[in-house]
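Chemist: This is the structure I have questions about; it appears just below.
Laboratory data are not the source of any read-out in this text; all were calculated from the coordinates shown. On a predicted model such as this, the values are computed, not experimentally measured, just so you know. A quick note on method: Cβ atoms are made from the backbone with ideal geometry, for glycine too, and the neighbour counts reach across all protein chains shown.
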């Protein structure tokens, strides 16, 4: 579970991201595809340009889901159940991809937020994103 301080740090970082979800998400996806090319197999329709409409759109959807999770930290399973079903049963996403996504998300946050993204914030976000990944992959079992 997240402590009160960790919850505060997650909210603080989210406040810095809010309004820029599409660009953060597009950069996250591009970083993921570049660092782990095998993950691109789930997104053959997405290009490699950060301003591509489809990439921005999917990035927006991804980070919108993270925003929902930030708002519902105590109810992740209930709130993200439809996404977990989608990823497990329809898209059949390999759960091994989520740690790679988390790592890339942390790099995007650090590169944009720099000094504002403290070690404590990074630890809180790592814990939060790992919990999010657990919820999204539980239905794969």
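Chemist: Sequence gap at least 6, Cα distance under 8 Å: using those rules, report the relative contact order of the stretch 1-93 to the nearest whole percent.
Modeler: Details: 60 pairs, mean separation 28.0, N = 93.
That works out to 30 percent.
Chemist: How much length, in nm to one decimal, is gained on full extension between residue 52 and residue 11, taken as 0.36 nm per residue of separation minus their Cα-Cα distance?
Modeler: Between residue 52 and residue 11, full extension yields 11.9 nm more.
Chemist: Over the stretch 31-141, what number does the Rg to Rh ratio reach, with both radii from the alpha-carbon atoms and Rh per Kirkwood?
Modeler: Rg/Rh for the stretch 31-141 comes to 0.95.
Chemist: Shifting gears a bit: Quick check: residue separation of residue 122 and residue 100 times 0.36 nm, minus the Cα distance between them. What number comes out in nm?
Modeler: Stretched out fully, the residue 122 to residue 100 stretch lengthens by 6.4 nm.
Chemist: While we're looking at this one, here's another question. Using a Förster radius of 25 Å, what is the FRET efficiency between residue 71 and residue 111 based on their Cβ-Cβ separation? Nearest 0.05, please.
Modeler: Once rounded, the FRET efficiency stands at 0.50.
Chemist: FRET efficiency for residue 20 and residue 79, Cβ-Cβ distance as r, R0 = 25 Å, nearest 0.05?
Modeler: Calculated value: 0.70.
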